[in-house]
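Worksheet for the structure shown next.
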Amino acid sequence: MNSYRTEGCTLSGALSVTTAIKDGITLIHGPEGCAHHNSSLLHALMVDSGRLFAPAILSTSLTETEVIFGGEEALEDTIRRAAASEPGVICVLTSCVSAAIGDDVRAVCRDFSHLPVVVVPTGGFLGGGFSQGVEEALMALSDFGEMGEKTGSVTLIGEKNLEYEVEANYQEVSRLLSLLGISIELRFVRNITATAMKKLGSSSVNILRDPSLIRVGNFLESRFGIPFIPGFPVGLEETLVFLETVGKTLGIDSSRAAAAEKENQHRLIGSFHNFHGRVLSPGGNGPPDQPVFKELEQIFDISFEDHGKPVPIPDPLPVGTSGLSRMLHRWRRICRE
Amino acid sequence: MKQIALYGKGGIGKSTTSVNISAALSDMGLDILQIGCDPKRDSTRMLMRGRLIPTVMDQVRERGDRAVMLDDVVYTGYGGIRCVEAGGPEPGVGCAGRGIIATFQILERLSALHGDVVVYDVLGDVVCGGFAMPMREGYAQEIYLVTSGELMSLYAANNICKAIKRLSGRTRGICRLGGVIGNGKNLDREEELITCFADRIGSALTGFIPRSQIVQMAELNKKTVIEYAPESSQASVYRQLAGTILENARLDIPEPMEMEELESLAYEFLSD
């Protein structure tokens, strides 16, 4: 049986968001195991991307006793314990166990309305997977946003905190936006403080990490009246369209930015002229059917065949011109080996 | 060791019936263990002179699962009957079914499940897997349904048949329906109706307990009928029922009725 990246544990998905708040504490209302394996996973991935600190996660440590008698008191105690360190936000995430026994987590948290407590429903057995956890966390945290004067800047929504190239992808989107003279106001949610989330209502456009977050995009649009762009660009053509779309949404002329980027892309294509005619065999998720691979076949004269040189296909796909460049450089190195 | 369980709709008289069966069996010189499997914890009260004994779950809450000892949960009542109450969470929180499962695990650990007859008195309906615990392998082999002639009581009894049928179908499932105990509510042709119901689900009437003021009197005096009025005809009824259960060799896999079938059966016995 396959276990796809987007499925899996709702709780893990929400944690990938909530643990990216620098001054936040995430509280898992469940058995210790839920906290342990998620902490281990997050810690390992964070160390991989240079963050040495363990994520701030607390568990209500439910045992059979709480299952029988109810876990609401354990939740209250743990919220108090979390509050003692005066975090910017306390994110309360439910688990399969607390959801199955029917603890009224929202009611308990309402009793702590003097604290910045946010409830994220993440009882995994209810059917959602990793992606749903991400969505639920983003929507729950949007409560922090305040309606403000639109500043002409951009908010990035739902960066994939656990992906290997998260910072490289941010840099690329940041570079593209700078061609238009636009800055990124907020990364919702990556390495920010709880206070920073107030600015969620002030940017002029939201850029979703990818189209799977469209529900979040719609939600924020109806809540703050901010239009959104459905995803980071993948492939050369899409990168140019991205510049045009952002420009149009913000009422900015994007022609100079697009021309500059086209020039940049030409340089990349030129530097790979000796790559023409390569026969490659994509690894990972089977034959690539995304438009970006058609584009590669046409521009670089690459063909994808089963008998070709095996090359890895990154998942998620590379972002922008720079992402594509990184992937091609990697492929070229493999071909030289 | 004979292990029996009484199931039926809430308030139908399971506890009254089971304490009197236990008391009657005890009077025959048998070693009896009665286990109340209901968070309301009042199954064994009449065997304990009205005392609500500390429950297994109370002890778990106070001192933790591993620290619970035999003397903390087993209390001796009328005729040396050993009484246990599973207990459970406060109404409206937690998971009572899991409490029943935990109780059984603790009783196993303490080797408390012994005697000539173990009587399980179980919450009104099979609401989840936890309340089916007494029917599982190694526990009650004989299930008795307690019902009056009222439709909703028959409906609940019929529902429990579904659980018995399911569990008896398992590879090593030994649980069977021992019979139906009629607990009268003074309805016309009530015994006849319950007998007919028992027959339709593929079982038989084990006994019929007529409604009697003496039951109420005994309870107000915090005793079983067997103890309070041993010479009464009602006490004889309970003694006879206990004897029948003790001798019973008929064990069936029931065939639950459809709701419509059950309704039309109840209709047939309505008085004009």
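The values are calculated or read from the model by the stated rules, or taken from the named source; none is laboratory data. Remember, it's a predicted structure, so these values are computed and weren't measured experimentally. Cβ coordinates were reconstructed from backbone atoms using ideal geometry, including for glycine residues, and neighbour counts include every protein chain displayed.
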query: Within the stretch B:86-99, can one find any residue that is more than 19 Å from B:GLY10 (Cα to Cα), among the acidic types (Asp, Glu), out of contact with any Pro (no Cβ under 6 Å at 6 or more places or on another chain) and without any contact (Cβ under 8 Å) to a residue 60 or more places away in the chain?
result: no
query: In the stretch A:205-243, which residue that is under 20 Å from the mean Cα position of the chain (by Cα) and among the small types (Gly, Ala, Ser) is farthest from A:PRO316 (Cα to Cα)?
result: A:GLY217
statement: Residues of the stretch B:77-90 being more than 9 Å from chain A (Cβ to nearest Cβ), touching a helix residue (DSSP H, G or I) at 6+ places or on another chain (Cβ under 9 Å) and not aromatic (Phe, Trp, Tyr), in sequence order, are B:GLY77, B:GLY79, B:GLY80, B:ILE81, B:CYS83, B:VAL84, B:GLU85, B:ALA86, B:GLY87
query: How many residues, within the stretch B:3-14, are surrounded by fewer than 24 Cβ atoms within 10 Å (Cβ to Cβ) and not in a strand (DSSP E or B)?
result: 4
- line: Selection from the stretch A:27-51 of residues touching a residue at least 24 places away in the same chain (Cβ under 8 Å), closer than 22 Å to A:GLU165 by Cβ and surrounded by fewer than 16 Cβ atoms within 10 Å (Cβ to Cβ) yields A:ASP48, A:SER49
task: Using the structure shown, decide if A:ALA20 is more than 14 Å from chain B (Cβ to nearest Cβ), surrounded by 14 or more Cβ atoms within 10 Å (Cβ to Cβ) and of a type outside the set (Val, Ile, Thr).
output: yes
message: A:LEU213 - would you say it is in contact with a Pro (Cβ under 9 Å, 6 or more places away or on another chain), surrounded by 20 or more Cβ atoms within 10 Å (Cβ to Cβ) and either part of a helix (DSSP H, G or I) or modelled with pLDDT of 95 or more (or both)?
response: yes
query: What are the residue pairs meeting all of these: first residue in the stretch A:125-138, first residue closer than 10 Å to A:GLY8 by Cβ, second residue among the aliphatic types (A, V, I, L, M), Cβ atoms under 7 Å, and 6 or more apart or on different chains?
result: A:GLY133/A:LEU11; A:GLY133/A:ALA14
message: So B:VAL93 passes all but one of these: (1) among the β-branched types (Val, Ile, Thr); (2) within 14 Å of chain A (Cβ to nearest Cβ); (3) buried (at least 21 other Cβ atoms within 10 Å of the Cβ). Which condition number does it fail?
response: (3)
query: Which condition number in (1) outside any strand (DSSP E or B); (2) at pLDDT 95 or above; (3) under 23 Å from A:SER85 (Cα atoms) is the one that A:LEU176 fails?
result: (3)
- request: Give the residues of the stretch B:18-34 that are surrounded by 23 or more Cβ atoms within 10 Å (Cβ to Cβ) and more than 18 Å from B:PHE131 (Cα to Cα), sorted by residue number.
  value: B:VAL19, B:ASN20, B:ILE21, B:SER22, B:ALA23, B:ALA24, B:LEU25, B:SER26, B:ILE32
task: Determine whether the stretch B:53-66 contains at least one residue that is of a type outside the set (Val, Ile, Thr), on the phi > 0 side of the Ramachandran plot and without any contact (Cβ under 8 Å) to a residue 12 or more places away in the chain.
output: yes
message: Just checking, does the stretch B:124-135 include any residue being more than 14 Å from chain A (Cβ to nearest Cβ), among the β-branched types (Val, Ile, Thr) and over 30 Å from B:ASP27 (Cβ atoms)?
response: yes
task: Might you check whether a residue that is surrounded by fewer than 20 Cβ atoms within 10 Å (Cβ to Cβ), away from every other protein chain (no Cβ under 11 Å) and assigned to a loop (DSSP other than H, G, I, E, B) occurs anywhere in the stretch A:99-110?
output: no
- prompt: Scanning for something in contact with a helix residue (DSSP H, G or I) (Cβ under 9 Å, 6 or more places away or on another chain), assigned to a helix (DSSP H, G or I) and either surrounded by 12 or more Cβ atoms within 10 Å (Cβ to Cβ) or modelled with pLDDT under 95 (or both), does the stretch B:250-260 turn up at least one residue?
  reply: yes
- prompt: Does at least one position in the stretch B:107-116 carry a residue that is away from every other protein chain (no Cβ under 14 Å), crowded, with 24+ Cβ neighbours inside 10 Å, at pLDDT 90 or above and closer than 25 Å to B:ILE209 by Cβ?
  reply: no
query: How many of the residues in the stretch B:69-85 are surrounded by fewer than 17 Cβ atoms within 10 Å (Cβ to Cβ) and free of Cβ contacts under 8 Å to residues at least 40 places away in the same chain?
result: 2
- prompt: Which one is surrounded by the fewest Cβ atoms within 10 Å (Cβ to Cβ) among residues in the stretch A:111-128 that are over 14 Å from A:HIS29 (Cβ atoms) and at pLDDT below 90?
  reply: A:GLY127
message: Looking only at the stretch A:52-70, filter to residues that are touching a Lys or Arg at 6+ places or on another chain (Cβ under 9 Å) and either within 14 Å of another protein chain (Cβ to nearest Cβ) or modelled with pLDDT under 90 (or both); which one of those is surrounded by the most Cβ atoms within 10 Å (Cβ to Cβ)?
response: A:ILE68
Selection status of A:ASN218, polar (S, T, N, Q) and either loosely packed, with under 15 Cβ neighbours inside 10 Å or within 30 Å of A:GLU136 (Cα to Cα) (or both): yes
field: Counted residues, the stretch A:256-296 - those being of a type in the set (A, V, I, L, M), buried (at least 17 other Cβ atoms within 10 Å of the Cβ) and not in a helix (DSSP H, G or I)
entry: 1
- request: Mind counting the residues in the stretch B:229-249 that are touching a helix residue (DSSP H, G or I) at 6+ places or on another chain (Cβ under 7 Å), assigned to a helix (DSSP H, G or I) and among the aliphatic types (A, V, I, L, M)?
  value: 5
field: Subset tally (residues that are loosely packed, with under 14 Cβ neighbours inside 10 Å and among the charged types (D, E, K, R)) for the stretch A:238-255
entry: 2
